[in-house]
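Data first, discussion second: the structure below is written as structure tokens.
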Amino acid sequence: MLTVEEALDAILSRIAVLGAEQVELLAALGRVLAEPIVSRREIPPWPNSSMDGYAVRAADTRAGVSLTVIGRVEAGATPARPVEHGEAMRIFTGAPLPEGADAVVPQEDVEAIDGRIALRGPVDGSAYVRPRGEDVRVGDRVLQPGTLLTAAEIGLLATLGHGQVRVHRRPRVAILSTGNELADLGTEPGPAQIPNTNTYSLMAQALEAGAEPASLGVAPDRLDAIEERVRGARDADMLVSSAGVSVGDLDLVREALTRAGAELHLWKVSMRPGKPITFGSLGGRPVFGLPGNPVSAMVTFELFVRPALLKMAGRRRLTRPRMRARALTPVSNPGSRRGYLRVRLQADASGLGARLTGEQGSAILRSMVAADGLAVVPPDTVVPVNGEMEVIALREVTYGGCDIA
Ligand code: AMP
Ligand code: MG
């Protein structure tokens with residue numbers, strides 16, 4: 001059996017980064033930058049005022065001094081003339097600082113009478129002045145390829161004049177559920193049937209990872225039926241199926257994948273929940289066979305499929321943040337496999353705590369609903385209350401796109 005790290009390495013070494021395309025700026029939200037952004041602008045382009053007040057020469061200012069107001073400059077206007085010794089110019093937030101002036105006195109700090117202002121004290125040089133280039137200089141490499149574009153990056157790109165930007169293509173993921181017992185959404189489960197959960201949780205996880213999922217529906221436990229669905233996933237960049245990868249008579253996914261032409265690279269990974277997970281290549285594209293229990297499917301997606309999708313989408317950082325947390329309840333992981341236990345994180349005066357979200361059975365989806373982290377617990381271990389554990393934070397989300405309507 002492979003460790004989680006060995007399995008992830010084996011997977012990622014076979015994942016190629018997808019190509020790039022040019023998109024409108026706002027369509028790039030949640031996408032991954034495919035080019036370096038080097039500024040051709042100084043931001044701000046000239047020194048300007050950060051207050052409504054008066055542009056002055058700091059050397060002229062002292063308590064009791066009065067200066068002649070020689071005009072005004074508003075945001076969007078150019079100062080008509082320089083400020084000379086003994087003078088001041090009315091100025092507004094965002095307006096260019098006139099030549100000669102090197103500071104701004106806020107209007108509430110002066111007394112204005114008859115075209116003059118009286119100062120109450122000295123003003124520091126460069127007070128309330130935003131210097132040219134304080135945010136961005138020409139030639140600054142402000143964004144690296146591989147950066148996830150969030151609202152702040154979109155704003156910066158707009159500031160720098162990019163109406164369009166090059167981003168990686170979103171991975172298209174085909175999601176297949178297998179099992180005779182599954183009734184899909186919209187059909188009432190028959191007497192021996194259960195509702196199909198995994199298609200939807202896995203599509204949602206794909207969306208959260210920035211991908212474009214498409215459902216291949218539910219295949220019954222028949223080789224020909226599974227093989228046919230697998231072959232139908234030609235347009236996808238990745239195929240993810242769930243269930244039918246264990247050792248039962250009806251666990252046919254591995255054989256169906258092989259019949260469809262896939263080469264399988266790994267099967268069992270030493271983890272709980274999880275263990276049976278298949279990864280292979282089909283016509284150069286990655287295929288995953290995840291376990292069927294809803295929690296196992298989600299946890300293996302989280303640990304293996306998500307990093308693969310992020311790599312395809314051009315992201316540099318493929319893993320979630322990990323943190324140390326104190327156990328607020330005893331956390332036990334009996335058995336020889338590493339545990340990934342569902343916990344809820346809680347910050348308090350002594351740092352970060354984590355409590356189990358309840359029963360940890362791999363079919364208990366409500367323990368996943370309540371979780372915002374996975375505690376990573378070594379085999380045969382009981383972490384006592386206040387014992388330290390490593391926790392993977394689960395809730396960083398970047399939505400992808402699909403035709404949901
Ligand atoms: P299997 O790996 O096929 O033995 O499935 C393991 C367990 O997961 C069984 O109890 C299945 O009924 C259940 N299961 C498999 N696929 C799904 C699904 N799409 N939604 C909900 N439960 C599932
Ligand atoms: Mg089954």
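The values are calculated or read from the model by the stated rules, or taken from the named source; none is laboratory data. Everything numeric here is computed off the predicted structure, so don't read it as measured data. Reconstructed Cβ throughout: ideal geometry from the backbone, glycine too, with neighbour counts over all protein chains shown. Side chains are part of the model used for accessible areas, which takes the heavy atoms of the whole protein and leaves out ligands, DNA and RNA. Shrake-Rupley method; radii C 1.70, N 1.55, O 1.52, S 1.80 Å.
Hey, what's the chain come to in accessible area per residue, 1.4 Å probe, Å²?
Details: 18930 Å² over 405 residues.
Accessible area per residue, the chain: 47 Å².
When the accessible area of the chain is split by element with a 1.4 Å probe, what percent falls to carbon and sulfur?
Values: 9750 of 18930 Å².
Reported share for carbon and sulfur atoms: 51 percent.
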**Asked** In whole angstrom, and with the biggest value first, how far do the Cα coordinates of the range 93-179 range along each principal axis?
**Response** 85, 33, 21
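What is the antiparallel percent of DSSP beta bridges lying wholly in the chain, to the nearest 5? Intermediate values should be presented prior to the final figure.
On the way: 59 of 86 bridges.
Given both bridge residues lie in the chain, the antiparallel proportion sits at roughly 70 percent.
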**Message:** Quick check: the distance between the Cα centres of the range 66-122 and the range 353-379, to the nearest angstrom?
**Reply:** 63
**Prompt:** Which value in nm describes the separation of the simple spin-label points at V65 and R316, placed 7 Å from the Cα toward the beta carbon?
**Reply:** 4.8
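Quickly estimate the mean residue ellipticity at 222 nm for the chain, helices only: each DSSP H run with n ≥ 4 gives -39500 (n - 2.57), and the total goes over all residues, rounded to 500.
Values: 8 runs with 63 residues, N = 405.
About -4000 deg cm²/dmol.
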**Message:** For the chain, place one equal point scatterer on every Cα, skip the solvent, and apply the Debye formula. What is log10 of I(q)/I(0) at q = 0.07, 0.11 Å⁻¹?
**Reply:** -0.51, -0.84
**Prompt:** Given DSSP loops and a limit of at most 15 other Cβ atoms within 10 Å, what is the longest stretch of the chain that contains no such GluC sites (Glu not before Pro)?
**Reply:** 135-358
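Full extension from Q144 to M323: what is 0.36 nm times the residue separation minus their Cα-Cα distance, to one decimal in nm?
Difference between extended and current length: 61.9 nm.
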